[in-house]
Amino acid sequence: MEDNVWQVPATGTYTILRSDDPDVIKWNVSVRMDGKVVIQDATGDYRDDGKTMCFKGQCSFTTDASGPFFNPTFWGNPKGDLKPGMSWTVDLTQPWELGPAGKQAITVLSVDKVNGVVILKREGHGTGSYEGAHDTALIMRDGKQYHVTVKRGDAHWVGQAVFKHGVVVSDELLCDTSVDLSAPEIGTIEASERQYMSLLQHPGAIQN
């Protein structure tokens, strides 16, 4: 099964807009995804403490592995002051961008109260497919191509993120999933699938 790397080289600038509702973050964004799409001055907002995103008049439950702001769907709702070593568990009730429904543990790695910076680690596990996963694939064996059925099993993911006043400065995650590839001509082959993502805040203004 050939390696497949899918990259989305993109840069975007968010401008936070005035909001009369403290539970709604309104923003304007300009994004350039090289070779794919360019978005200029589009407006949107995050609702339900960041769990729902509305963009161009359409709203949806946010299942992206990361985003520009803290999302309680993945990081939970910790109570009280955060301290290094604190931990809690989050239930992921549905498949998301890189993994299946499951449970994950959140651990506070460090807290900088002066600058409003928190580093959190997440590690989780579940069984099944991620959101949008295909249940078939094309593989090569002994010089021949075969269409196989893909059945995903146990998944394990781990990563950490840096937040500054609730804004994502960086976020990295790696997910490994066991898979069975099967076809009548070749039987069943045990394999593994690895997905990862890295989101970084650009250190300065991006020139157009």
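All of the numbers you see were taken from the coordinates with simple rules; none came from a lab. All values reported here derive from a predicted model rather than from experimental measurement. All Cβ positions, even for glycine, are placed from backbone atoms using ideal geometry, and neighbour counts span all protein chains on display.
Expressed in whole Å with the largest first, what are the equivalent ellipsoid semi-axes of the range 123-208 derived from the C-alpha gyration tensor as the square root of 5 times each eigenvalue?
36, 16, 9
Calculate the length of the line joining the C-alpha centroid of the range 125-142 to that of the range 58-83, in whole Å.
27 Å
Within 10 Å, at most 12 other Cβ atoms, and a DSSP state outside H, G, I, E, B define an exposed site. Report the longest part of the chain free of exposed trypsin sites (Lys or Arg not before Pro).
Working: sites that count: R18, K36, K56, K79, K113.
In short, 114-208.
Given the Cα-Cα distance of I186 and T13 and 0.36 nm per residue of separation, how much length would full extension add, in nm?
57.4 nm
Please compute the alpha carbon radius of gyration of the chain, then divide it by the globular-protein estimate 2.2 N^0.38 Å. Two decimals is fine.
The chain yields a ratio of 1.17.
Which of T93, V31, S178 sits closest to the plus end of the dipole of the chain, meaning its Cα is farthest towards the positive end, when Lys and Arg get +1 and Asp and Glu get -1 on the C-beta?
Looking along the dipole axis, the top candidate is V31.
Provide the per-residue ³J(HN,Hα) series for the range 83-98, in order, calculated from phi with Karplus coefficients 6.51, -1.76, 1.60 and θ = phi - 60°, each as a whole number of Hz, with x at glycine and proline positions.
So the J values, rounded to whole Hz, are 9, x, x, 5, 8, 7, 10, 10, 8, 9, 7, 8, x, 10, 4, 10.
With +1 assigned to the C-beta of every Lys and Arg and -1 to the C-beta of every Asp and Glu, and no other charges, what is the dipole magnitude of the chain about the Cα centre in debye, to the nearest 20?
480 debye
Estimate the FRET efficiency between D48 and T149 by the formula 1/(1 + (r/R0)^6), using the beta-carbon distance for r and 45 Å for R0, to the nearest 0.05.
That pair, D48 with T149, gives E of 0.75.
Computed over the Cα atoms of the range 1-112, what is the ratio Rg over Rh, Rh following Kirkwood?
1.01
Report the Cys residues of the chain lacking a disulfide-compatible partner, meaning no second Cys Cβ under 4.7 Å from their Cβ.
Cysteines of the chain left without a disulfide-compatible partner: C175.
When Rg is the radius of gyration of the Cα atoms in the range 87-147 and Rh is its Kirkwood radius, what does Rg/Rh come to?
That ratio equals 1.27.
Amide H neighbours of Q160 under 5 Å, counting only residues 5+ apart in sequence or on other chains, H built in-plane at 1.01 Å?
R122, E172
In whole Hz and in residue order, list the ³J(HN,Hα) couplings for the range 143-154 that follow from phi through the Karplus curve 6.51 cos²θ - 1.76 cosθ + 1.60, θ = phi - 60°; x for Gly and Pro.
Per residue, the Karplus-derived 3J(HN,Hα) values read x, 10, 9, 9, 8, 10, 8, 9, 10, 8, x, 6 Hz.
Using the beta-carbon distance between V167 and T127 and R0 = 35 Å, what value does 1/(1 + (r/R0)^6) give for FRET efficiency, to the nearest 0.05?
0.60
Using Cα-Cα distances under 8 Å and only pairs 6 or more residues apart, what relative contact order does the chain have, in percent?
For the chain, the relative contact order is 12 percent.
Could you give each residue of the range 167-179 its phi-based ³J(HN,Hα) in whole Hz, using Karplus coefficients 6.51, -1.76, 1.60 with θ = phi - 60°, and x for Gly or Pro?
Whole-Hz 3J(HN,Hα) from phi for the range 167-179: 9, 6, 8, 7, 7, 10, 8, 10, 10, 10, 10, 7, 9.
Just need the relative contact order of the range 136-208 here, percent rounded to a whole number, with Cα pairs under 8 Å and 6+ apart. Before the final figure, lay out each step's value.
Numbers: 125 pairs, mean separation 18.6, N = 73.
Result for the range 136-208 is 26 percent.
By a straight-distance test (C-alpha under 26 Å), which lysines pair with K83 as possible cross-link partners, with residues fewer than eight away in the same chain excluded?
Answer for K83, where 26 Å is the Cα cut-off: K51, K103, K113, K121, K164, listed by chain and number.
State, to one decimal in nm, how far the label point of F61 lies from the label point of M1, with both points 7 Å from Cα in the Cβ direction.
2.7 nm
Please list, or write none, the aspartates and glutamates whose alpha carbon is within less than 13 Å of the alpha carbon of K56, excluding same-chain residues fewer than 8 places away.
Correct list for K56: D41, D45.
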